[in-house]
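Worksheet: one structure, shown below.
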Amino acid sequence: MTRIPFALFPFPDPNLSADVIERRLRQHLVRLIAPKIGIEPPLNADGTIDEAGHEVMLESIDPPYAKTKRLRERAARIVEHRAERSPLSRLKIEDRKRITPLRDGVELIGIPNEHRADELAAALHAEFPWMGAATEVVWHPMRRSVQRGDAGLRLPPILLDGPPGIGKSHWARRLGSLIGVPGMGL
């Protein structure tokens, strides 16, 4: 199935936590400290630096507590600053959790052929005969979407107007379940 981007803003990278940033800052600090305390990188037989051996040597360096504390605070500030700059920061926590699955886009749902569009419209009309006008409004675009060869189903915006309790919301949820669109569970 075809995936399309849904949100036109960058989602924060979940792999950039305060711990990950602190670890990267610590590695940089240790690389700066090593020459000052006389630790030189070991060399291979061909004269190049032995990176694996050098990493082992760097791990033995323990930076002072004050510097480690500053690294931790700086990493926390970086994460906090990135969170503030994210468009998601204005959303409530539960709304952020609901929109996070859309990070990689959404899959387009398509109708395989006109016959299937007719079957879907017939099933919808059988359950909601009093909503025939609304069913017809989606039936013809379903057929046109197949005829044009669209990557996904294209329906026009629909405003269902009527008194409470006639089944407008139930009709819309049933349409979604028939075409295979996940529901929100409102």
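The values are calculated or read from the model by the stated rules, or taken from the named source; none is laboratory data. Just so it is clear, the model here is predicted, and its values are computed rather than measured. Methodologically, a virtual Cβ is constructed for each residue, glycine included, from the backbone with ideal geometry; neighbour enumeration extends over all protein chains shown. Ligands, DNA and RNA are stripped out before the accessible areas are found, and what is left, the full protein with its side chains, is counted by its heavy atoms. Shrake-Rupley method; radii C 1.70, N 1.55, O 1.52, S 1.80 Å.
Could you tell me the calculated FRET efficiency between residue 90 and residue 169, based on Cβ-Cβ distance and R0 = 35 angstrom, to the nearest 0.05? E(calc), rounded to 0.05, equals 0.80.
Of the solvent-accessible surface of the chain, computed with a 1.4 Å probe over protein heavy atoms with every protein chain present, carbon and sulfur atoms account for 57 percent. Cβ-Cβ distance of residue 100 and residue 16, R₀ of 25 Å, FRET efficiency by 1/(1 + (r/R0)^6): the value works out to about 0.95.
Qualifying trypsin sites (Lys or Arg not before Pro) in region 81-162, where qualification requires a DSSP coil assignment and no more than 15 other C-beta atoms within 10 Å, comprise 92, 154. Taking every full run of DSSP H in the chain, none both stretches at least 18 Å from end to end by Cα along its long axis and averages 1.6 or higher on the Kyte-Doolittle scale. A Förster distance of 35 Å, applied to the separation of the beta-carbon atoms of residue 137 and residue 107, puts the FRET efficiency at 0.90. Probing with 1.4 Å while keeping every protein chain in the model, the per residue accessible area of the chain equals 72 Å². Helices in the chain, meaning DSSP H runs of at least 4 residues, each add -39500 (n - 2.57). Divided by all residues, the mean residue ellipticity at 222 nm is -17000 deg cm²/dmol. Read through the labelled values (i) 77, 32, 25; (ii) 85, 42, 21; (iii) 56, 37, 28 and report the label of the one computed as Cα extents along the principal axes in Å from the structure. So the calculated entry is the one marked (ii). Amide H contacts for residue 106 (H built 1.01 Å from N in the peptide plane; partners 5 or more residues away or on another chain; cut-off under 5 Å): 4, 6.
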